[in-house]
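See structure below.
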Amino acid sequence: MISRGRFILGLFGMPTIVKSMTVAKPTAPASIFLDKMFIAGLSYYDAEYVIEDLRKGDQLVLKLEPANPYDKRAIEIFTKSGMKLGYIPRDRNRIPNHLLRQNIKLEARVDVIFPEEEDWRKVLISISQVRA
């Protein structure tokens, strides 16, 4: 029986350094991008007090609001300091709501701020699923 090292040497005419080689496993991304959207309802909450302090990349907090009388899948959006900015728009909250109800961690971040736009187009956010 021939050893692996001798077999490789016979094939390629080189020493058996191949034995010690390892293959790096691909690393999974830290998060999986889900969606981008504008925050709904900015004019009704605390946005006017904090919009000047918001920066691209700021992390936001998402909270389910199942008792919301207008939308059973409502998801509130807060700053890290607890100021309510508004909601994920109703037509975009189905998947994030489903994931949050399963205790899957989602991350929301400020993507772009348009201070001169109308309220419904002022703050664009990105939502990602955080990988464990």
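General remarks:
- Accessible area expressed per residue, the stretch 77-131, with surrounding protein chains retained (probe 1.4 Å, Å²): 59 Å²
- Share antiparallel - DSSP beta bridges, the stretch 24-93, percent rounded to 5: 100 percent
- Of all lysines in the structure, those lying under 19 Å Cα to Cα from Lys63, and not within fewer than 8 positions of it along the same chain, are Lys36, Lys72, Lys80, Lys84, Lys105.
- For the stretch 35-115, applying the loop criterion from DSSP together with a ceiling of 12 other beta carbons within 10 Å to the chymotrypsin sites (Phe, Trp or Tyr not before Pro) yields Tyr70.
- The loop-placed trypsin sites (Lys or Arg not before Pro) in the stretch 84-132, going by DSSP, that have at most 16 neighbouring Cβ atoms within 10 Å of their Cβ come out as Lys105, Arg131.
- Low-density loop cleavage sites - GluC sites (Glu not before Pro) in the stretch 93-123, where at most 14 other Cβ are within 10 Å (DSSP): Glu116, Glu117, Glu118
The values are calculated or read from the model by the stated rules, or taken from the named source; none is laboratory data. Treat the numbers as computed from the prediction; the structure is a model and nothing was measured. So basically every Cβ, Gly included, is an ideal-geometry build from the backbone, and we count neighbours across all protein chains shown. In case anyone asks, the SASA skips ligands and DNA or RNA and just uses the protein heavy atoms, side chains included. Shrake-Rupley method; radii C 1.70, N 1.55, O 1.52, S 1.80 Å.
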